[in-house]
Amino acid sequence: MVKAYIVGVGPGSSEYLTEKARKVISEADIIVGWRLDLLPADKLIKNKEVYIQDVDNYIEVVSRAAERAKLTGKSIAVLRIGDPCISSGLNGLLKIFKDFDVEIIPGISSIQVAASIAKINLDESVIVSLHDGGNAIRKMEFIANMLNYGRHVILLTGPELKLEEAAGALIANGISKQTPVIVCENLTLRGEYEGLHENVFVGVLEDLLLRRFSWLSIVVIKCRDHNEY
């Protein structure tokens, strides 16, 4: 059976790429990923057969690469920024590779990095992703309930609901405008890649109403019952 790896490549900087991930990527014959997924491993994938995904073809590209691996018997590695078990379309990939011997290689997630910046425990937090679309407003109601329950919330923002809109929805659901927030963009990046630099904003929920952030942000919303940042 042909080997397929789904590999977490860390939050962005190659410094966070694990030794296990390096080994698997180096040994794989075929590499698949979005451009952002490939950046931390750019030195390991030269001279390999690389398939690049984008918003218009990501399913078609990985399906074509899987078919190529099946026909040739070559091993294939699908790279995913962060950890492949967090907001990476894992279920869809497992369906595409149902006839392969699949191994998932965990990675360091931007969620972990954001939690370390905010100085919170993950087991006191709830992770909510807006990447999968769905009813974003209902998710805001859920977030409000979790904050009232005494949990921090780590929010992965998406294109369907702007961060200022999410902040407004939380305030409308009774969350204090003075709730502490930390917004993280391009975590761990220090200019290795053109146009990508880490940015961390520390403020309160009300601040988000008038600011603009990338839709690929990680937002920590801190429960007021805990020590503030």
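Here are I182, I154: which of them is closer than 17 Å to G82 by Cα, of a type outside the set (S, T, Y), touching a strand residue (DSSP E or B) at 6+ places or on another chain (Cβ under 6 Å) and in a strand (DSSP E or B)? Result of the check over I182, I154: I154.
Against the test of being farther than 30 Å from N199 by Cβ and free of Cβ contacts under 8 Å to residues at least 12 places away in the same chain, the options K3, K23 yield a single qualifying residue, K23.
Residues that are buried (at least 21 other Cβ atoms within 10 Å of the Cβ), of a type in the set (S, T, Y) and part of a helix (DSSP H, G or I) within the range 1-27 comprise just one, Y16.
One line per residue, one yes/no per condition, for (1) β-branched (V, I, T); (2) out of contact with any Phe, Trp or Tyr (no Cβ under 7 Å at 6 or more places or on another chain); (3) free of Cβ contacts under 8 Å to residues at least 40 places away in the same chain; (4) more than 29 Å from I221 (Cα to Cα):
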{"site": "L44", "(1), (2), (3), (4)": "no, yes, yes, yes"}
{"site": "Y51", "(1), (2), (3), (4)": "no, yes, yes, yes"}
{"site": "A66", "(1), (2), (3), (4)": "no, no, no, yes"}
{"site": "I81", "(1), (2), (3), (4)": "yes, yes, no, no"}
{"site": "G89", "(1), (2), (3), (4)": "no, yes, yes, no"}
{"site": "I96", "(1), (2), (3), (4)": "yes, yes, yes, yes"}
{"site": "I108", "(1), (2), (3), (4)": "yes, no, no, no"}
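Looking only at the range 125-136, residues that are surrounded by 14 or more Cβ atoms within 10 Å (Cβ to Cβ) and over 17 Å from the mean Cα position of the chain (by Cα) come to 1 in all. Taken together, the residues in the range 28-57 that are charged (D, E, K, R), surrounded by fewer than 19 Cβ atoms within 10 Å (Cβ to Cβ) and farther than 19 Å from K74 by Cα amount to 5.
Read the figures in this text as sums done on the coordinates, not as results from a lab. Source: prediction; values computed, not measured. Here the Cβ is made from the backbone with ideal geometry for all residues, glycine too, and neighbour counts use every protein chain on show.
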